Structure formats: structure tokens, C-alpha cells
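Colleague: Below you will find the structure I want to go over with you.
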Amino acid sequence: MTSAVDVNGRRYRAPSRPLVVVCVDGCEPDYITQAVMAKDAPFLASLRERGTCLTADCVVPSFTNPNNLSIVTGAPPSVHGICGNFFFDSETRAEVMMNDAKYLRAGTILAAFANAGANVAVVTAKDKLRGLLGHQLSGICFSAERADRVTKAENGVDDALGLAGMPLPSVYSAELSQFVFAAGAALLERVRPDIMYLSTTDYVQHKHAPGTPAANAFTGMLDRYLARLDQAGAAIVLTADHGMGAKTDAFGRPNIVFLQDVLDAAYGEHTTRVILPITDPYVVHHGALGSYATVYVEGGVPVEDVSARIAALHGIDLVLTRAAACERFELPADRIGDLVVVSERLTAIGSRERAHDLSQLDAPLRSHGGISEQRVPLIANRPAPDLPQRRWRNFDAFDLGLNHLA
Ligand SMILES: [Zn+2]
């Protein structure tokens, strides 16, 4: 292996011991605080004395794919191009999933190290991320969701179920994330990759607030696997793709601005197009509702007029033009609409009321997407003696792990 690799303008030293970067989906910092307070996370508690704990900013929109891709490229969406799970392709004029690697505009740190001779492994919960994270990666890469279908040729490993020692989990379960850690711990012990990236799913976090029994049980499970990775000699950096918050009133009823309904009533149908980039095939736990939307304005309607109308709505915090949003949130201009809309902490943005199926929500709506879910933990199991004072981002996880830990 070479002594360092350069990726997207940043230099990363080759690891002197295995590095495991863990992205805990939807891990609001308070999930860890509460589990530590309840004595459910003794390993994380021990890092107070021997580790590093920063509070970092994730990328807005605070969604899963943009942030996972930022973490593995060490760069914001303006560089890697992935600014949602879903977007409006203005060339084909179609609303499409952005989970195909053809939408990725930058190389990953993972692929660069693999090319430099390192052994690299990636385990994700949902399969939607596998293709993006594994782009041009020669190494191990599979999802818990499709763990029954891995092959040595396709995924760099076979018998993932045997490796994790678990049956195939349901895509809507805490076990889907547990499978990622179980497989990761076994890989570290048996294969000892130089670099490993583990990415979970936020099924638990969408349903359970910090400090609740189910949330503490999840963090306790995470804690036991982190202790195992630590025991096996890995440097660990834990961060999150985004935080998570209630989008409800005090009675637990959802606060939702149905933005497409509002705009259709004001300007008529087919004059504006509200895109919710949280949309993906797995909507059961959030009903495709988050705190971020982007709006395409068509048919000669003045953008300023639409902007002012949205900004005046109760529950909306921020409306930015495309240029302002690209500047502030480091987004690719060709993949967002004329306006970017962010709701306040307790409010979610919907498109049309009839387009959202809330009947499957069996707990008060919790979601993400906005600035209110931008703070995430950035934690390591080793000290970082000469840490520069700066705004830390979740996509500094590899920089912290490779360039700053003792
Ligand atoms: Zn997520």
C-alpha cells in the first residue's frame, strides 16, 4: 500500500491499524447521551476518558444518500453530485431515484485505497446504498437486505449469513442494522480489512425518541459491537448521516405543510413541481415526509412570487433561490429546483396530501431533512491530540480517522 492517497483534493494517510468508519443512520447526538446516562452504553461512556468526541455538521438536505456519499468521498454534494434519494432529472424530465452510480461525480476514498492495495470492506443495511458506496471498489461490498444473495464474484465474499451468524433480517427492523455490525465485527476478526465502512438504517430512530427503551436498547447493541471492534484492535470513527426529530404537535399529531397543494391552489396545477428528495421505496416509517423540499417553477410564474408565498407559510423556516442554496449547502445546481425550502424543527413538508400514506405510521412522525437535524456526533475510540479548531463535518470522518488520531 502507498503511504497516502489523494481523493477529491484531500490527502489521507494509509492506516497503520484497521480503520472502521461507522455511519449510524439518524443518530441524533442525544441517542448516545441518553444511552450513556441509562448505563446502556458502557463502551461509549469509556471513550469520555480515552477517545474523541466532536459535534459535527452533516450535509443539508440531511438525508441518507447525500450524507453517506459525502462521508465516503470526503466532499459535499456539489462535488459528488448526490443531493437526495430522489430528484427531478431536467434532461429526461422524469422524477428518478438517484441510487445509480451513474449519478456519482466523484471517486470514493474507499475505492482509492483499494486501488492503492488496501483491503477494503463495506457493509450497508439497505441495498439502495450498496451500488453507490461500492462504485469502482474492488473489495468486499454487500447489504444486509440482500445478504442471502451475496456471491464471491459480485460481493467479494460469500455466505454473509454465516459470517453474521444471523438469519436474513426484515428490511423494517432493528436487526437489519444489527446484521451490519455482526458482519462487520466478524469481517474484522477474520479478514482484517485495512478500511471498513459500516452504514446502518434509521428504522429505530424514526420510531423511537432518544432515551426511550427501544432507542437505548439499539444504542446498547451498537455499543457491544463497538467494544468488539475496539477489542480487535481497530481505530473506530462513529458518525451519522443526519439527526432525527419529532415532526408533531404536543399530542403527537403530524405538523405537515402540503406544499404542492398550496402552490396548485395559488397558481394552478402543472405550474410548479415540488420534489421531496427523501422519497425512496422504503416509506413505511416516514411517509416520504421530511423537512426539506425543492421546487421547480414553470409556466411563466415569477419565482420571487412563489418564494414569497412559501416563506409566508406557517412552519417554513427558509426559502432560498437555487444559487443561494448551492452556496449555503454546497449543492449541485443542475440537480435542484429553482427554490429550496426548509421547514422549522417540528414541521415536515409534503407534496399533495393525497400522495402521502400516513396510515402505516404506527408512532408519532419523526423525520429529518432540515437544518434542525444537521448536528451529528463525530466520535473516535482514540485521542486526537492536535485537533485543528474548525467546523467539523461528518464527511471529515476519514480525515479524523486517518490523519488525526493518536
Ligand atoms: Zn438516514
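The values are calculated or read from the model by the stated rules, or taken from the named source; none is laboratory data. Small disclaimer: the values here were computed from a predicted structure and weren't measured. Positions of Cβ are backbone-derived with ideal geometry, glycine not excepted, and every protein chain shown enters the neighbour counts. Ligands, DNA and RNA are excluded from the accessible area calculation, which covers all protein heavy atoms including side chains. Shrake-Rupley method; radii C 1.70, N 1.55, O 1.52, S 1.80 Å.
Colleague: Just for the Cα atoms in the chain, what are the lengths along the principal axes, largest first, rounded to whole Å?
Modeller: Over the chain, Cα extents along the principal axes are 61, 45, 43 Å.
Colleague: Please compute one quarter of the surface area of the Cα convex hull for the stretch 216-352 and express it in square nanometres.
Modeller: 11.3
Colleague: Given Leu229, Leu361, Ser170, which one lies farthest toward the positive end of the charge dipole of the chain, if we put +1 on the Cβ of every Lys and Arg and -1 on the Cβ of every Asp and Glu?
Modeller: Projecting each Cα onto the dipole axis, the largest value belongs to Leu229.
Colleague: Still on this model: No solvent, one uniform scatterer per C-alpha: report log10 I(q)/I(0) for the stretch 28-117 via the Debye equation at q = 0.11, 0.12 1/Å, two decimals.
Modeller: With one equal scatterer per Cα and no solvent, log10 I(q)/I(0) is -0.49, -0.57.
Colleague: Each residue of the stretch 115-127 in turn: what ³J(HN,Hα) in whole Hz from Karplus with 6.51, -1.76, 1.60 and θ = phi - 60°, glycine and Pro shown as x?
Modeller: 5, 7, x, 7, 8, 10, 9, 10, 10, 10, 6, 8, 6
Colleague: Now, a different point. Given a 1.4 Å probe and every protein chain left where it sits, what share in percent of the accessible area of the chain is carbon and sulfur?
Modeller: Taking all protein chains in place, the chain shows 48 percent carbon and sulfur surface.
Colleague: Could you give me the ³J(HN,Hα) list for the stretch 374-379, computed from phi with Karplus coefficients 6.51, -1.76, 1.60 and θ = phi - 60°, whole Hz, x at Gly and Pro?
Modeller: Residue by residue, the stretch 374-379 yields 7, 7, 9, x, 9, 10 Hz.
Colleague: Among the aspartates and glutamates, which fall within straight-line cross-link reach of Lys126, defined as a Cα-Cα distance under 15 Å, with same-chain neighbours fewer than 8 residues apart omitted?
Modeller: Asp25, Asp100, Glu145, Asp148, Glu175, Asp202, Asp241, Asp280
Colleague: Report the Cα centroid-to-centroid distance between the stretch 79-143 and the stretch 233-258 in angstrom, as an integer.
Modeller: One Cα centre to the other: 23 Å.
Colleague: Beyond 16 Å, what share of the Cα-Cα pairs of the stretch 295-362 remains, rounded to the nearest whole percent?
Modeller: Across the stretch 295-362, Cα pairs with separations above 16 Å total 56 percent.
Colleague: Within the stretch 148-193, which chymotrypsin sites (Phe, Trp or Tyr not before Pro) sit in a loop by DSSP and count at most 16 neighbouring Cβ atoms inside 10 Å?
Modeller: Tyr172
Colleague: Got a sec? What order do Val340, Val303 fall in by accessible area at 1.4 Å, biggest, i.e. largest, first?
Modeller: Val303, Val340
Colleague: Quick check for you: with a 1.4 Å probe and neighbouring chains kept, what is the accessible area per residue of the chain, in Å²?
Modeller: Dividing the accessible area of the chain by its residue count gives 38 Å².
Colleague: Could you report the accessible area of Lys102 in Å², rounded to 10, computed with a 1.4 Å probe on the protein chains as they sit in the structure?
Modeller: 140
Colleague: Grab the alpha carbons of the stretch 40-182, take their convex hull, and tell me the volume per residue in Å³.
Modeller: 157
Colleague: Moving on. Debye sum, Cα scatterers, the stretch 142-249, no solvent: what log₁₀ I/I(0) at q = 0.17, 0.19, 0.20 1/Å?
Modeller: Log10 I(q)/I(0), no solvent term: -0.85, -1.03, -1.12.
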